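Have a look at the structure below, then the notes.
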Amino acid sequence: MPNKRNVVLNSRSLRSRAKNVRLSERRRVARLKRSGVFGILFVFLIVLFFIGIRQPAVRISRIVITSGMGINKTKLRPIVMQALSGEYAYIVPRDSIFFFSVSSIRNAILSARPRVATVSVSRVGYNSISISLEPRTPLARWCGGVSTSTPTNNLLHEVTAVSNGRCYLFDGTGFLYGKIKSYLASSTLFVATDTPITPYLIYAPLVGAVNITATGTDFIGDTVSHSSELPHVFDFTRKIHSFGANVFAIVLRGDEVDLFLKNDTRITYVLGDESSAFSLLFAVKDKISFRDNSLLYVDLRFPGKVYFKKRDLMMRKMVGNTNFQNF
């Protein structure tokens, strides 16, 4: 016969278990309800978000463009709007003030306007942006490549001029970005920003072995070789100006440089050895003169030695009457 006490304990245990099961079920149901509410709220917020970002009040409709001198701003707005057209993953509009791509705008402008050096984009309110453009600083004029690996005493025999008869402006990185006449220094047809910092005509190969002789080729976007070394060449030309050497054209042939003066004298030295070349010229400055048209060439390529050749009197008179300003 079962003990009465045990029967009572078992009954209480069963009731306790049943109570715990009901409590666990209620908690599970409550969690499901909360999850459902949060899920519905999340979906509502997502739908509200996508509806909100498509509202005209938060989409770019006004573009303000400011630029430095020499940059043509016409037709830039359609280019920017084209960069902002479409959607991300067919969902988020690219012209949303919150999600527009600055890099896309910058790349589109730089491709359409090679004269632009930097592009700054900022938000102005909820439906407009401001774009600021800075022009490239013209360092010099590139007018063609080199046609020979050895120096000559005639610039026309040593270089290959651009087939379209123009030169190209390039900046400190060697980037070619604008066509220009080779006699810009004496022209009044161009604005001040088209006047390069240095007046020399540069003849040098382009990066990537571009075919310079191809007829009708546009070289905008190409890069001049050895552009990082040109500032040292320019410093050297300014220094030797004190000796009466008026340089008008610079030819880069491999690792050598030919400086052609306005009186057709050629000075040759090794690229990168400007300091040694200047020391050699300084040592012989009392023995040679660049002012009387007497020199055909001066060779500074060999350590501790200066080789030069003088032209005869008839040639000296012909050169004295030649003007290379508009070459």
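The values are calculated or read from the model by the stated rules, or taken from the named source; none is laboratory data. As the structure is a computational prediction, the values presented were derived from the model and not from experiment. Neighbour counts run over all protein chains shown; Cβ positions are idealised from the backbone, glycine included.
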For the stretch 95-120, which positions are surrounded by fewer than 18 Cβ atoms within 10 Å (Cβ to Cβ) and either hydrophobic (A, V, I, L, M, F, W, C) or assigned to a loop (DSSP other than H, G, I, E, B) (or both)? Phe98, Phe99, Ser101, Val102, Leu110, Ala112, Pro114
What's the number of the condition Ser228 fails, among (1) among the polar types (S, T, N, Q); (2) in contact with a helix residue (DSSP H, G or I) (Cβ under 9 Å, 6 or more places away or on another chain); (3) over 18 Å from Asp299 (Cα atoms)? (2)
Flag for Ser130 being hydroxyl-bearing (Ser, Thr, Tyr), at pLDDT below 95 and surrounded by 14 or more Cβ atoms within 10 Å (Cβ to Cβ): no
Just one of the numbered conditions (1) assigned to a strand (DSSP E or B); (2) under 30 Å from Phe260 (Cα atoms); (3) in contact with a helix residue (DSSP H, G or I) (Cβ under 7 Å, 6 or more places away or on another chain) is not true of Gly144; which one? (3)
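Per-residue answers, yes or no, for (1) polar (S, T, N, Q); (2) out of contact with any helix residue (DSSP H, G or I) (no Cβ under 6 Å at 6 or more places or on another chain); (3) surrounded by fewer than 17 Cβ atoms within 10 Å (Cβ to Cβ); (4) under 18 Å from Thr148 (Cβ atoms):
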residue	(1), (2), (3), (4)
Pro196	no, yes, no, no
Ala204	no, yes, no, yes
Ile212	no, yes, no, yes
Ile220	no, yes, yes, no
Gly254	no, yes, yes, yes
Thr268	yes, yes, no, yes
Phe278	no, no, no, no
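Is one or more of the residues making up the stretch 78-88 of a type in the set (Gly, Ala, Ser), assigned to a loop (DSSP other than H, G, I, E, B) and in contact with a strand residue (DSSP E or B) (Cβ under 6 Å, 6 or more places away or on another chain)?
Scanning the stretch 78-88, I find no residue that is of a type in the set (Gly, Ala, Ser), assigned to a loop (DSSP other than H, G, I, E, B) and in contact with a strand residue (DSSP E or B) (Cβ under 6 Å, 6 or more places away or on another chain), so the answer is no.
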